[in-house]
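Inspection log for the structure reproduced underneath, given as structure tokens.
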Amino acid sequence: MSSSPSNDALLTELDRVVKDTLSYFDGAGRSTPARVDRWQARDILMHFIYFHDATAWGIQAAALGGPPWPLPADADTINEVCRRLHAHESFDELLAQVRQAHARLVQAARNSPHLDKPCFRRTNGETITGRQRLEVLARHWAEHVRELQAAAKTGG
């Protein structure tokens, strides 16, 4: 018996976290001046778009029998590239893109015959499965919201 959650449970948890996260960004997160390191709420939304899409691309590539999707750089570099590419977009445009990226990811995951195949390759050569990516995304999104909320309370 596998100790990992079923695909449905995994996607249900990711959907719950994304819904909670988007509720935050539709409310307090929209206007908070809080920062986590150098990242404001807008910046965090920008990197959510990329990492959700990249995960969907990787899961889809693995489902087609292709190689793991290569990450082009470390997370800080990717996040900065995302920030610069999306800097001109409104908060509403960012939220719409996050929703679209999430829909693409859920569709790719639901259609994947095997989420335990490697779908990502980091620059150091390490691979990550679709299941691992989905688990990380759920934790990562929730962590960002908690950090922004804590920073807002302390005036960060």
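Before moving on, here are some points about what is shown:
- Helices (runs of 4 or more DSSP H) wholly inside the stretch 1-89 containing at least 3 residues that are touching a residue at least 60 places away in the same chain (Cβ under 8 Å): 7-26, 28-31, 41-63
- Looking at SER6, SER31, just one residue is of a type in the set (Gly, Ala, Ser) and within 25 Å of GLN107 (Cβ to Cβ), and that residue is SER6.
- Selection from the stretch 127-148 of residues that are among the polar types (S, T, N, Q) and outside any helix (DSSP H, G or I): THR127, THR129
- Of all residues in the stretch 105-156 being more than 19 Å from ASP37 (Cβ to Cβ) and among the basic types (Lys, Arg), the one that is surrounded by the fewest Cβ atoms within 10 Å (Cβ to Cβ): ARG110
No value in this document is a laboratory result; all are computed from the given coordinates. The model shown is predicted, which means the values in this text are computed figures rather than measured ones. Cβ atoms come from the backbone with ideal geometry, glycine included; neighbour counts cover every protein chain shown.
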